[in-house]
Amino acid sequence: MSPIPLLDLKAQYASIRDEVGVAVTGVLDEQRFILGEQVEAFERGVGALSHTRYAVGCASGTDALLLAFRALDIGRGDEVIAPPFTFFATAGAIHNAGATPVFCDIEPRTFNIDPAAAAAARTSRTKAVVPVDLFGQIAALESVTAVLPGIPVVEDAAQSIGASRVIAGQRRMAGEAATIGTLSFFPSKNLGAYGDAGMMLTQDEALFKRLMRLRTHGGARTYYHDEVGYNSRLDALQAAVLLVKLRYLQDWSAARRANAAYYTAAFADLPDVVTPHTDPANEHIFNQYTLRVPRRDALLEHLKAQGIGHSVYYPLPLHLQPCFSYLGYRAGAFPESERASREVVSLPVFPELTAAQRDEVVARVRGFFGR
Ligand SMILES: Cc1ncc(COP(=O)(O)O)c(C=O)c1O
């Protein structure tokens with residue numbers, strides 16, 4: 001069998017090529033490329049999916065975090081609590097807002113922020129907390145809010161659009177229960193653009209107005225500037241593509257869940273392999289299907305030799321990144337994050353994976369364990 005990629009965007013494109021062609025041609029015919037009708041329709045669509053009153057498109061998931069911090073007046077002298085086992089942007093945006101990232105460890109089962117550790121990281125300078133919904137599963141937002149009363153929650157939902165979690169008896173969507181939720185439409189996400197794109201979600205009208213202003217140089221009216229903002233807009237071509245893809249998102253995420261369930265059953269008897277934590281009250285969308293394996297590096301070599309796509313998200317936790325050495329963290333500071341970095345490996349879980357490809361992945365992983 002030919003090599004199996006970690007993600008096959010060409011297979012997805014083949015299934016929607018004609019619709020995307022029509023949508024893109026429509027924008028080209030109009031020649032209106034920045035914000036506009038498609039962007040507003042896409043904002044309405046994602047707001048409806050996410051159960052949020054307001055949705056503001058922007059240039060990337062990274063900018064969505066940065067604008068969220070700015071809208072909350074977070075800057076120099078302020079601290080923002082975040083897990084170190086996440087994509088770099090979570091903490092990079094805190095730094096770029098002028099604030100100080102304060103890391104706390106993760107729960108080993110879900111890879112998400114440990115609420116008790118978040119509470120312990122609070123100081124008089126704490127201005128926000130950033131739970132990350134890693135790999136597509138919503139963090140324990142209700143516990144984070146309970147232990148950090150009065151602290152705004154910026155939910156980094158870059159990997160979890162459409163995921164849901166039962167909170168106080170109600171099913172809440174990714175981004176819905178936060179002060180501001182942030183999304184990424186990076187091409188590898190469950191809803192991926194054909195370039196960079198992002199979005200901010202909120203239920204708060206004042207924050208919505210501020211976010212709208214911040215994405216267009218800090219002015220509500222063209223050429224009048226209340227504050228210094230950014231050029232961070234979602235463009236019409238990306239919105240047109242994303243509007244087409246939004247129609248398929250739930251089916252694609254369901255296909256990812258089915259692939260994940262298949263793997264989890266197929267790996268159940270493997271010694272030492274920990275499959276992803278699942279919970280019907282916390283519906284995972286499996287942006288990544290991530291195993292924990294103690295002999296991880298040997299498995300990586302094996303998968304490479306066998307042509308099975310894989311990746312390590314993330315090999316070095318953020319508190320140990322050279323750019324954050326100024327924060328003064330040492331190896332050993334966050335044992336669960338560091339152990340996760342040594343043990344994780346993500347496997348192909350994309351919706352277009354064929355049954356034959358899935359079985360091949362299972363056979364190759366099992367082969368490594370001599371099963
Ligand atoms: C957890 C997390 N936060 C933030 C981002 C940043 O998003 P973007 O790449 O759209 O800037 C990403 C994705 O790349 C992510 O996975």
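The values are calculated or read from the model by the stated rules, or taken from the named source; none is laboratory data. Nothing here was measured: the structure is a model prediction, and the numbers come from that model. All Cβ positions, glycine included, derive from the backbone under ideal geometry; neighbour counts span all protein chains shown. We work out accessible area using only protein heavy atoms, side chains counted, and drop any ligands, DNA or RNA first. Shrake-Rupley method; radii C 1.70, N 1.55, O 1.52, S 1.80 Å.
Looking only at residues that are over 17 Å from PHE135 (Cβ atoms) and hydrophobic (A, V, I, L, M, F, W, C) in region 175-184, which one is farthest from the ligand (Cβ to nearest atom)? Filtering region 175-184 for residues that are over 17 Å from PHE135 (Cβ atoms) and hydrophobic (A, V, I, L, M, F, W, C), the one farthest from the ligand (Cβ to nearest atom) comes out as ALA177.
Hey, could you check region 276-300 for residues that are among the β-branched types (Val, Ile, Thr), part of a loop (DSSP other than H, G, I, E, B) and under 18 Å from ALA261 (Cβ atoms) and say which is farthest from the chain's Cα centre (by Cα)? Outline the logic, then answer.
At the first step, the residues of region 276-300 found to be among the β-branched types (Val, Ile, Thr) are 278, 285, 290, 293.
Going one step further and asking which of them are part of a loop (DSSP other than H, G, I, E, B), we end up with 278, 285, 293.
Checking the rest, the ones that are also under 18 Å from ALA261 (Cβ atoms) come to 278, 285.
Numbers: THR278: 17, ILE285: 11 Å.
By that ranking, first place goes to THR278.
If you check GLY61, GLY26 for being within 22 Å of the chain's Cα centre (by Cα) and at pLDDT 95 or above, only one passes: GLY61.
Each row is one residue, and each column tells you yes or no for (1) surrounded by 19 or more Cβ atoms within 10 Å (Cβ to Cβ); (2) of a type in the set (S, T, N, Q); (3) in contact with a Lys or Arg (Cβ under 9 Å, 6 or more places away or on another chain).
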| site | (1), (2), (3) |
| --- | --- |
| ALA197 | yes, no, no |
| ARG210 | yes, no, yes |
| TYR223 | no, no, no |
| GLU227 | no, no, yes |
| ARG233 | yes, no, yes |
| VAL241 | yes, no, no |
| ASN259 | yes, yes, yes |
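Here ASP133 meets each of (1) more than 29 Å from ARG76 (Cβ to Cβ); (2) open to solvent by less than 10 Å² (accessible area, probe 1.4 Å) with one exception, condition (1). For region 122-150, which positions are under 24 Å from GLN288 (Cα atoms) and not in a helix (DSSP H, G or I)? VAL129, VAL130, PRO131, VAL132, ASP133, GLN137, ILE138, ALA139, ALA140 - these are the residues of region 122-150 that are under 24 Å from GLN288 (Cα atoms) and not in a helix (DSSP H, G or I).
Against the list (1) modelled with pLDDT of 95 or more; (2) open to solvent by 40 Å² or more (accessible area, probe 1.4 Å); (3) on the phi < 0 side of the Ramachandran plot, the condition GLN31 fails is (3). Reported count of residues in region 301-341, each being part of a helix (DSSP H, G or I) and crowded, with 16+ Cβ neighbours inside 10 Å, is 14.
Report those helices (runs of 4 or more DSSP H) wholly inside region 31-118 carrying at least 2 residues which are out of contact with any Lys or Arg (no Cβ under 9 Å at 6 or more places or on another chain) and away from the ligand (no atom under 14 Å from the Cβ).
Values: elements: 37-50, 61-71, 89-96.
Those helices (runs of 4 or more DSSP H) span 37-50.
Hey, can you tell me all the residues within region 13-24 that are touching a helix residue (DSSP H, G or I) at 6+ places or on another chain (Cβ under 9 Å) and open to solvent by less than 100 Å² (accessible area, probe 1.4 Å)? Can you show your working first?
Let us first name the residues in region 13-24 that are touching a helix residue (DSSP H, G or I) at 6+ places or on another chain (Cβ under 9 Å), namely 13, 16, 19-20, 22-24.
Correct list: TYR13, ILE16, GLU19, VAL20, ALA23, VAL24.
Please find, within region 37-63, the residue that is farthest from GLN159 (Cα to Cα) out of those that are surrounded by fewer than 17 Cβ atoms within 10 Å (Cβ to Cβ) and among the small types (Gly, Ala, Ser).
Within region 37-63, the subset surrounded by fewer than 17 Cβ atoms within 10 Å (Cβ to Cβ) is 37, 40-41, 44, 48, 53.
Cutting the leftovers down to among the small types (Gly, Ala, Ser) gives us 41, 48.
Values: ALA41: 22, ALA48: 18 Å.
Residue satisfying both the conditions and the ranking: ALA41.
Keeping to region 241-273, report how many residues are charged (D, E, K, R) and within 19 Å of the chain's Cα centre (by Cα).
Filtering region 241-273 for residues charged (D, E, K, R) gives 245, 247, 251, 256-257, 269, 272.
Subsequent filtering for residues that are within 19 Å of the chain's Cα centre (by Cα) retains 245, 251, 256-257.
Counting residues in region 241-273 that are charged (D, E, K, R) and within 19 Å of the chain's Cα centre (by Cα) gives 4.
Residue-by-condition table, conditions (1) farther than 18 Å from LEU66 by Cβ; (2) among the β-branched types (Val, Ile, Thr); (3) modelled with pLDDT of 95 or more; (4) under 22 Å from the mean Cα position of the chain (by Cα):
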residue	(1), (2), (3), (4)
ALA206	yes, no, yes, no
LYS209	no, no, yes, no
MET212	no, no, yes, yes
ARG215	no, no, yes, yes
VAL228	no, yes, yes, no
SER232	no, no, yes, yes
ALA236	yes, no, yes, no
ALA239	yes, no, yes, yes
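For residues that are assigned to a loop (DSSP other than H, G, I, E, B) and among the charged types (D, E, K, R), tally how many sit in region 155-194. Of the residues in region 155-194, 2 are assigned to a loop (DSSP other than H, G, I, E, B) and among the charged types (D, E, K, R).
GLN203 falls short on exactly one of the conditions (1) surrounded by 16 or more Cβ atoms within 10 Å (Cβ to Cβ); (2) free of Cβ contacts under 8 Å to residues at least 24 places away in the same chain, and that condition is (2). Scanning region 234-269 for residues that are over 13 Å from ALA41 (Cα atoms) and assigned to a loop (DSSP other than H, G, I, E, B) returns TYR248, PHE267, ALA268, ASP269.
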